[in-house]
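Undergrad: The following block contains the structure, expressed as structure tokens.
The values are calculated or read from the model by the stated rules, or taken from the named source; none is laboratory data. It should be emphasised that the depicted structure is a prediction, and the values quoted were computed from it without experimental measurement. Methodologically, a virtual Cβ is constructed for each residue, glycine included, from the backbone with ideal geometry; neighbour enumeration extends over all protein chains shown. The area values use the complete protein model at the heavy-atom level, side chains included, leaving out ligands, DNA and RNA. Shrake-Rupley method; radii C 1.70, N 1.55, O 1.52, S 1.80 Å.
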Amino acid sequence: MQNSKNIDKEYVAGTYARFDLEIVDGKGSRVFDDDGKEYIDLATGIAVNTFGVADDEWIKAVNEQLGKFQHVSNLYYSSPCALLAKMLCERTGAKKVFFGNSGAEANECAIKVARKWAQDTKGEGDYTIITLKNSFHGRTIATLTATGQDVFHKDFGPFPQGFAYAEANNLDSVSEIIKNTKCCAIMMEMVQGEGGVLPLDKEFVKGCARLADENDLLIIVDEVQTGNGRTGTLYAYEQFDICPDVVTTAKGLGGGLPIGATMLFERVEGTLNAGSHGSTFGGNPIACAGAISIISRLDKKTLDGVKERSKYIFDELTGAQGIKSVSGLGLMIGIETERDSTEVLKACMARGILPIKAKTKLRLLPALNIPMDDLKTALEIIKECAKGE
Ligand SMILES: *Cc1c(COP(=O)(O)O)cnc(C)c1O
């Protein structure tokens, strides 16, 4: 008999090693598979469903816009796009926002901005962007090149010029590149998500900002995963005492709809002009209406709730039997287990909870409003599975 799993295997490009699980429904932090089995969702579609599945307030905001118009070309003005840009600027101090549709696209824009800014202000050859080893910036050819992990590069060359990789948390390694190469920017994630949920050292980040200042470079912060309340502040860079020039985000911004944003601060506010960049779907009114509803709910109360849940997770898991380490920031958590993490993950799924993996770790990216009772239940199960029970 043909079911979605078989049809998918036959017709969808084989880029994903999917688990044997089909989600058919859900509400909040609970989702259901095709057998009606209930799960506590600990990954929110990789940090996308900010307030969980089928959240009432988000549905209302999206539905209201759906009833008006679903798309308009960027030849005309539309209010959701304008209001979201205003909101993001007012909350961060950015001056302008470019909207795309994904994290990779937000980073592509940041790369173009850095290159054009360098052309406009520095000179022809100053195009190199320093990124960090073990980073992840996307799957397009340029963002793949920016990504400092060889596994992703295999088979896809040739790559564009203009990227150099420094060692994370090693300022000398950054200085070395600056000394030997004409650069325009340093690009980094405050917490390397795909790299294993590794927060950068604050001193390193501040050191990069100092080097950027001394050498007239831009700081680009990739907040595709860390952004939109995920780490307990609206954007993670706020916790690292730096003022970036470009901040990119996507994943949680739309609460489940595809949207990416590239926020441009003072030094680069005028870098993009008419015709220099664009995107047909960029600033889509439905996606922007969803994002407005998400951003407007990321107030102190919600962010305090993220910090409270984060502390609870660290307290519960740190030092527990079978758990080697817990890393991360806010509700972006990596768990190193003594048992093979894939085995632990499978045991968790069998018991009705859905964490994911980051490299060899278990990774938790729950909804920012996951009920404490659900979190408690999920952590008990994780501890039991890590122990091998
Ligand atoms: C997921 C991710 C991306 C890529 O986002 P897509 O929407 O998949 O293109 C880029 N950077 C970081 C830090 C990410 O976590």
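Undergrad: Can you send over the carbon and sulfur percentage of the accessible area for region 58-296, probe radius 1.4 Å, protein chains only? Write out the running numbers ahead of the final one.
TA: Working: 5280 of 10020 Å².
Result for region 58-296: 53 percent of the exposed heavy-atom area is carbon or sulfur.
Undergrad: For region 1-114, just say rounded, prolate or oblate: build the C-alpha gyration tensor, square-root its eigenvalues into a ≥ b ≥ c, call rounded for a/c under 1.5, and beyond that prolate if a/b exceeds b/c, oblate if not. Spell out each step's value before the answer.
TA: Values: a/c = 2.06, a/b = 1.67, b/c = 1.23.
It is prolate, given that a/c is not under 1.5 and a/b is the larger ratio.
Undergrad: I've got another one for you. Taking the Cβ of Met187 as the centre, find all other residues whose Cβ is under 14 Å away and add up their charges (Lys, Arg: +1; Asp, Glu: -1).
TA: Values: positive: Lys112, Arg115, Lys133; negative: Glu108, Glu189, Asp222, Glu223, Asp245.
The answer is -2.
Undergrad: Next question. Evaluate the distance, in nm, between pseudo-label points positioned 7 Å from the Cα of Asp35 and of Lys324 along their respective Cα→Cβ axes.
TA: Going by the 7 Å Cα→Cβ label model, 3.2 nm.
Undergrad: So what does Phe204 come to for accessible area, using a 1.4 Å probe and Å² rounded to 10?
TA: Spelled out: Phe204, probe radius 1.4 Å, area about 10 Å².
Undergrad: Between beta-carbons, use under 14 Å as the cut-off and find the net charge around Ala209, counting Lys and Arg +1, Asp and Glu -1. If you can, show how the numbers build up before the last one.
TA: Values: positive: Lys202, Lys206, Arg210, Arg267; negative: Asp201, Glu203, Asp213, Glu214, Asp216, Glu238, Asp241, Asp245.
Summing Lys and Arg as +1 and Asp and Glu as -1 gives -4.
Undergrad: Could I ask something else about it? Probe of 1.4 angstrom, ligands and nucleic acids ignored: what's the accessible area per residue over the chain, in square angstrom?
TA: Working: 17710 Å² over 389 residues.
With the other protein chains kept in place, the chain gives 46 Å² per residue.
Undergrad: Provide the solvent-accessible area of Lys361, counting protein heavy atoms only and rolling a 1.4 Å probe, rounded to the nearest 10 Å².
TA: Accessible surface of Lys361 is approximately 30 Å².
Undergrad: Per residue of region 338-343, what does 6.51 cos²θ - 1.76 cosθ + 1.60 with θ = phi - 60° give for ³J(HN,Hα)? Whole Hz please, x for Gly and Pro, Karplus curve as stated.
TA: Here the 3J(HN,Hα) series is 5, 6, 4, 5, 5, 5 Hz.
Undergrad: Compute the Cα gyration tensor for region 259-310, then decide on rounded, prolate or oblate, letting a ≥ b ≥ c be the square roots of its eigenvalues: rounded whenever a/c is under 1.5, prolate when a/b is larger than b/c in the other cases, and oblate in all that remain.
TA: On the way: a/c = 3.67, a/b = 1.81, b/c = 2.03.
Oblate shape, in that a/c is at least 1.5 and b/c is the bigger or equal ratio.
Undergrad: Using only Cα atoms, what is the ratio of the radius of gyration of the chain to 2.2 N^0.38 Å?
TA: Working: Rg = 20.9 Å, N = 389, 2.2 N^0.38 = 21.2 Å.
In units of the globular-protein estimate, the chain measures up at 0.99.
Undergrad: Which links in Lys154/Lys357; Lys5/Lys37; Lys60/Lys86; Lys133/Lys346 stretch past 23 Å when you go from one Cα to the other?
TA: Numbers: Lys154/Lys357 21 Å; Lys5/Lys37 17 Å; Lys60/Lys86 21 Å; Lys133/Lys346 29 Å.
The pairs that break the limit, which is 23 Å between Cα atoms, are Lys133/Lys346.
Undergrad: So, one more: Relative contact order, percent, of the chain when contacts are C-alpha pairs under 8 Å separated by at least 6 residues?
TA: On the way: 770 pairs, mean separation 87.3, N = 389.
After rounding, I find 22 percent.
Undergrad: Dividing the alpha-carbon radius of gyration of region 125-234 by 2.2 N^0.38 Å (N being the number of residues), what value is obtained?
TA: Details: Rg = 13.5 Å, N = 110, 2.2 N^0.38 = 13.1 Å.
Here the Cα radius of gyration is 1.03 times the empirical estimate.
Undergrad: Heavy atoms only, 1.4 Å probe, whole protein assembly: order His137, His277 by accessible area, highest first.
TA: His277, His137
Undergrad: Round to the nearest 10 and report in Å² the accessible area of Glu380, as given by a 1.4 Å probe over the protein chains' heavy atoms.
TA: 80
Undergrad: 222 nm [θ] for the chain, helices only, -39500 (n - 2.57) per DSSP H run of 4+, per residue, to 500? If you can, show how the numbers build up before the last one.
TA: Values: 13 runs with 147 residues, N = 389.
So the calculated ellipticity at 222 nm is -11500 deg cm²/dmol.
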